[in-house]
Structures are given as C-alpha cells and as structure tokens.
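J.: Structure provided below as structure tokens; questions to follow.
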Amino acid sequence: MSKKHKKVDIDDIVKKIDNDQNEKHREINSIKDIDINKGKRRRNSFLTFCSLLVFLSSVVYLISILFFNKENINLMSDILKSLLMLIFSISFMTCLVSYPGKKKFNLVFGSLIIIIYNVFGILTNYGLVKLPLFNQVDNFSGKSLTEAVKWAEKNKITLVQDYENSDMIDEYYIINQDVKAGTNIKNIKSLKIAVSEGPNLDKEIIVPDMVTWDCDRVLEFIDKNKLSNVDVKFEESDKVKDTVISQSKSGSLKRSDNIELTFSLGDENKFEQFNMKNLVGLSKFETEFYLKQHQIDYEIKNDFSNKYKKGYTIKQSLKAGEKIKEKPSEKITITISRGPEIKVPDLKKMNMTEVTNWIIKNKLKLEFKNKYDDSVKLNKVIDSNYKNGDKVEQGEVISVTISKGKLKMPKFKSLDEFKKWASKYEINYNEEHEYSDTVKIGEVIEYSYKTGEVIKNDKSITVKISDGKKIEVPDLSGMSKNDIINILKDLNLGYSFVYQNSSKVQKDKAISQSISSGSNVSEGTSVTVILSNGKKEEEISNTSTNVQKKTITKSSSTNKISSSISGGTNNQSVVNNTPSTPQCVSSSVTLDRSMSSCLHGSSYEEVRSCLSSYFSSKGVKVSIIKDTSSGMSGGSYISGVQPGSVLDTCKSYSITIAGN
C-alpha cells in the first residue's frame, strides 16, 4: 500500500515538471514574437521613410527643371527624363514597401542612389553645382566677355563680337549667342556673341506731360528712364517755384530725342542767398541743373580723372559749403571727367585673353579680326589701330588683329573651292593657262605651293589651269561644208557657218575661217567658217544684160526684139538668180575657262573688249550690257552666260557687266 502511494507521487512530480517547462517555452516564444514584430515595425517604418524620400526628391527634381533651370540646355529632354524618373520612383517605392523578403539591403541601397541622383540634379538646376560641358558650346548669356574669350581661345573657336545696347544686361556682359548651347564644337568654326554696351538710347518710351512737376520728380524720371538729351532753363513766372511750366515734347519718344523743359524761378526777380552744394560726383546734367536753378553763370572744362566716371563732375571753382549772398560777377568753372587717361600698352606682347581683360577694365570696345601670319604665334596680336603709348578715352573702339598662326596649303577639290578659300583669307593668286593631255579643261594642273606647305606673308599662289588638249586648227579653205564638219568633229572642235557672196569661190565652199590655220586652241573651241553663197545678184544681172545685148545685135533686122527689150514685156529673157536668205546651221559651242580671264579686268571697257573678241572667235552673238546701278566695282560679272555654258550658234545671248 505504501509502495503504490509512493509511485503516484513521483508521476505527479514528473508531470508538474513537464508542465512547468512547457510554460517557460511558451513564455520565451511569446517574448520572441514580440521582439520580431517590433523589428518588423522598425524595418517597415525605415523603408517607408526611404520610399517617401525617393518620391519627394523626384518631384522636386522635376520642379527644379521646369522653373529653376539656369542653363536651359536640352530642356525638353531633361523634362522627359525627370518624368520617367518620377514614374520609376513610384514603382520603386511600391516594390520597396511591399517586398515580402526579410533582406531588403539592395532595395535600400538602390533608393539611396536615386535620392543622390535627384539631389545632384536639383543642385545643378539651381546653379549651385556647375558641370563642365565637354566638347560642347557653353551658354554664355549673362556671363562676362572674358569667360567667352577664354573658352574660345581654349577650344580654338573664332569669336566674333557685336556690341548692342541692353537695359537688362550690364556693360561687357553677353546678351546672346548665335550657336545654341550644348552644340558639339566639332560642328562649328566660329561663335558670334552680342556684347552689351549699356542702355539703348534709341529705345522708345512714353514721356508724360510733366508740367507742374517739381524738380525732384523730374530728375527721378529722367534718371530712371535714362533720358540722354534733356535741356532745362529757368524763367520768372507766377507759377510755383521749381516746377515745370512748359515742355517741348511728350508722348512716344526715343531716349536720345531732345526735350526742352522750362522751370519757374518764381515771380520775384531777386537773388536768394544759399550755401554752395558739393557738385563733385554728380553727373554733368545734374550739375548744370543745379547751377541754372540758382542763376549761376558757368563754363565747362574737361579733364582726365582716375577717380570719377566719364561725364561726372570732378572739380568746381566755387567751394562747397560757401555762402553765396549775391550772384557771382564771374562765371564759375566746372570740370567734367573724361574718364581715366588710358595709355595703350604694347598689345603685340599680349594674347587674346589679356587684351580682352585690358579692354573690359578700361571700359573700351573691342573689335577682333583674325588673320594667318607665318611670323606671329597663334592667338598673339599682329596689329591694332592704336600703337604702344597712344592715349585713348573710355568708349573708344580698339581694333585688334589676332594671329591664326601659320597658314598651310590645304587640299582642294576644285578651282572654285580654291578661289573661295583665297578670297576668304585674302590670299593673292595668279592664274596661268597651259595645254594638258591629261587634265580636263578648266581644272587645276598644279599650285605653286604643295599641300601642307606654309604660305609666307604677302606671297601669292600661282595656279596653273588646264586649257585641255592642244589642237592645231587645220586649213579649211576651199573645203565643202560636209568635209569641214567631219574634220572639225574628229578634232573635237566646234563649228559654225556664215554665208557670204563670192565671185571667186564656188558655192558652199569655204572662203575663210575665224581662227587661222596652224593656230593652237583647246578642245571644244568653236571655229566659224565663212562659206561661199555664189556671185552677188548685181553680177548675175550684169551678166544677163550682156547676153541680151549680144542677142539684140545679132537680130538687129527684127523690130520685135527691140520693142520687147525696151517695153519690158512678158517675152523678157533676163535670168533672175536672186539668192534665197541664207539659213543658219546650228551647232553647239562650250564656253571654255579662258573666258574667265576676261572677267578679271579692272574696268568695264577692258572686260567688254576682251569678251567681244572672245565671243567673236566662238562665232556666238552676245550682247554685253552695262549696269551702273548694281553697286559692284567696274568690270564685275553680274549675270548671263558664263564659263561652262553650252550655247547655240544660231541664237543670241547676253551678259551683264557692272559699269564704272
């Protein structure tokens, strides 16, 4: 009994222990579940925060492109890219939040990359970060002239400067450019920029009727609207003192238009004492206004000043603060600044950037020219319109010729290409013509400079031009028309025919030719041949009359013959051999390059004489018209047939040449 009781107690103990252990396991698992849920919530919150940052940064990036893009380069492309990035960010944000896996490190890293990309784009659009444009044209609008010159020098681009007035852009800053920013520099050779030279004095503004305005209001309006040609005077009047009593013009006017304003001195003719104002530093207009207002006679002198701007007062003979009790008996002297005395340095020792900086510093205007020079290094000054030591004033134009370095002979595809190149760079050249069996007529045989050779300053290039194969003109005298055609065709010569009566040469046989036999000509040259049309009508009539007289003599016994001759009846036996009007035989003539030599004459008469001889040798009828209204130099070709044209010998043509 006791043994059984003992056994039951042991089983209870084992069960109790098992229950206790299970309870502990449940408690541990419960704690683990709580920790896991807390970790999940923390991870989800962080991922949600990352996704929101991705979305917000993409939205701000799009806004910065639309409203704050400083460079405005490829705007539509940037907007499209930012929209695609926004769509991608939304998709990425969805994946980031809903991804079921525990390890989301790659997604978090990806979101960080997107945020960095967007932030960098935002900073760039706000102008806080500037990216270099490799091999692209920069956007110079609003930038200084110095920046553009440095860029052009660095990229070996010819910079063309035009000066324009601008109310918005400061002096010596760039208004616009002719090449779009972002263009590959390989596609351009020059960049034209418009440089501001200050307010536009020709701009039209509305000038109100200022009658009854006081002095301060008038001066404020003149200064604000930059009126540059206002004259003022003061007169006694019953109107309020220092107010406008008359005005010469109002309405839509240019800033430079002259406007006369008359102010009231009041109705009492007396001089009021005052303390002399310090006029130094005031503009010339403000200075004169003050002196006229206080009825003081004055004279203006001009002098250089390093302290005061051009057009501003630098000295007054009547000291500031001095009490003026009565009108001065003598004129006071006002000295107006001419700006600093600018001494021109030795510009030949400076490069393009240094010259530009000197120009801007001294408020001068710069005109660049470019020229090849075999003795002056690239981007160095060859010459200028002012020499070392010359003195100039602000606003003057300094014309500088910059070296493009040594000019090397390029390779040309045609004579026309060479001529355009020579004209562009002011290269002198001479043409020489010679026959060639291998080079076509009008093409270049050789140049006096080989490709790649340096062309020395002031040296001319000799161009040898082919006149084609040398053909010896045969003797065509006495030949028939068909034989002449066959012979000239075999020799590649053109031909045309003119008929002329001849008692010595048989009809349809050659009497003479325009180019004498044995002469050397080019292929395609046309020879005009004069063919016989037989005897003249008078010769035929005289022959017929002689025959009739002989008949009459032999038949003198017959009275009918006498009456038939004297009466001119139908029995008349005069032979009528009047030739029909000769018809032109058409042939083609190609104008060779030797015509070009006529077009290099220095006067109309010289060119006309040369062309007349040339077309006469070709057998072509050409009217040479003189035009004195073209504005071109005398002897210049204007219009009409030209070298290379194929003409019909039976037609008439014209060519217009500029008259002197």
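What follows is calculated from the coordinates using simple rules that are stated; it is not laboratory data. Note that the coordinates shown come from a computational prediction; the quantities given were computed from them, not determined experimentally. Here Cβ is always computed from backbone atoms with ideal geometry, including for glycine, and neighbour counts include all displayed protein chains.
J.: Looking at region 453-531, which GluC sites (Glu not before Pro) are DSSP coil and have at most 13 other C-beta atoms within 10 Å of their C-beta? Can you show the working numbers first?
T.: Details: sites: 453, 472, 523; in loops: 453, 523.
When the GluC sites (Glu not before Pro) of region 453-531 are filtered for loop state and at most 13 Cβ neighbours within 10 Å, 453 remain.
J.: List the aspartates and glutamates whose Cα sits under 15 Å from the Cα of residue 406, skipping any in the same chain fewer than 8 residues away.
T.: 373, 374, 426, 453, 458
J.: Give the average over all directions of the projected area of the C-alpha convex hull of region 415-468, one decimal, in nm². Display every interim value, and only then the final one.
T.: Details: hull surface 14.8 nm².
Hull-based average projected area comes out at 3.7 nm².
J.: Give me log10 I(q)/I(0) at q = 0.14, 0.21 Å⁻¹ for region 374-427, Debye formula, one equal scatterer per alpha-carbon, no solvent.
T.: -0.57, -0.88
J.: Also, I was wondering about something else. Once you place label points 7 Å from the Cα toward the Cβ at residue 369 and residue 390, how far apart are they in nm?
T.: Going from the residue 369 label point to the residue 390 one covers 1.2 nm.
J.: Going by how many other Cβ atoms sit within 10 Å of their own, how do 197, 260 line up, fewest first?
T.: Values: 197 18, 260 13.
Going from sparsest to densest Cβ surroundings: 260, 197.
J.: What FRET efficiency comes out for the pair residue 477/residue 650, r = Cβ-Cβ distance, R0 = 22 Å, nearest 0.05?
T.: For residue 477 and residue 650, the calculated efficiency is 0.40.
J.: So what's region 145-196 giving for Cα Rg divided by 2.2 N^0.38 Å, two decimals?
T.: 1.13
J.: Arrange the following residues from fewest to most other Cβ atoms within 10 Å of their Cβ: 338, 255, 217.
T.: Result, fewest neighbours first: 217, 338, 255.
J.: Express in nm, to one decimal, how much length is gained between residue 330 and residue 224 on full extension, taking 0.36 nm for each residue of separation and deducting their alpha carbon distance.
T.: Values: separation 106, 0.36 × 106 = 38.16 nm, distance 3.45 nm.
34.7 nm is the gain from fully extending residue 330 to residue 224.
J.: Among the listed pairs 369/408; 292/391; 481/618; 180/363, which have their C-alpha atoms separated by more than 23 angstrom in this model? Please report the intermediate quantities before stating the final value.
T.: Details: 369/408 19 Å; 292/391 34 Å; 481/618 18 Å; 180/363 28 Å.
Where the Cα-Cα span goes over 23 Å, the pairs concerned are 292/391; 180/363.
J.: While we're here: Under 15 Å Cα to Cα from residue 535, which aspartates and glutamates show up? Leave out anything in the same chain fewer than 8 places away.
T.: Leaving aside aspartates and glutamates fewer than 8 places away in the same chain, those within reach of residue 535 are 508.
J.: Count neighbours as other Cβ atoms within 10 Å of each site's Cβ, and list the trypsin sites (Lys or Arg not before Pro) in region 498-535 that are DSSP loop with at most 10 such neighbours.
T.: Taking region 498-535 and a limit of 10 other Cβ atoms within 10 Å, the loop trypsin sites (Lys or Arg not before Pro) found are 504.
J.: Please compute the modelled spin-label separation between residue 200 and residue 76, points set 7 Å along Cα→Cβ, answer in nm with one decimal.
T.: 2.8 nm
J.: Report Rg (one decimal) and Dmax (nearest whole number) for region 201-325, counting Cα atoms only, units Å.
T.: 15.6, 45
J.: As an exercise, take the mean of 1/r over every pair of distinct alpha carbons in region 342-403, invert it, and state the Kirkwood radius in angstroms.
T.: Details: mean 1/r = 0.0867 Å⁻¹.
Computed over region 342-403, the radius equals 11.5 Å.
J.: Compute the length gained on full extension between residue 211 and residue 616: take 0.36 nm times their separation in residues and subtract their Cα-Cα distance, giving the result in nm to one decimal.
T.: Length gained, residue 211 through residue 616: 137.9 nm.
J.: On a full-extension model of 0.36 nm per residue, what is the gain between residue 309 and residue 66, subtracting their alpha-carbon distance, rounded to one decimal in nm?
T.: Numbers: separation 243, 0.36 × 243 = 87.48 nm, distance 4.17 nm.
Here the segment from residue 309 to residue 66 would lengthen by 83.3 nm.
J.: Same structure again: Counting other beta carbons within 10 Å of each Cβ, put 353, 438, 94, 649 in order, fewest first.
T.: 438, 94, 353, 649
J.: Which of the residue pairs 365/387; 411/440; 186/459; 450/489; 154/361; 143/315 have a Cα-Cα distance greater than 27 Å in the structure shown?
T.: Among 365/387; 411/440; 186/459; 450/489; 154/361; 143/315, the Cα-Cα distance tops 27 Å for 186/459; 450/489; 143/315.
J.: Taking N as the number of residues in region 586-660, what is its alpha-carbon radius of gyration divided by 2.2 N^0.38 Å?
T.: My calculation over the Cα atoms of region 586-660 gives 1.04.
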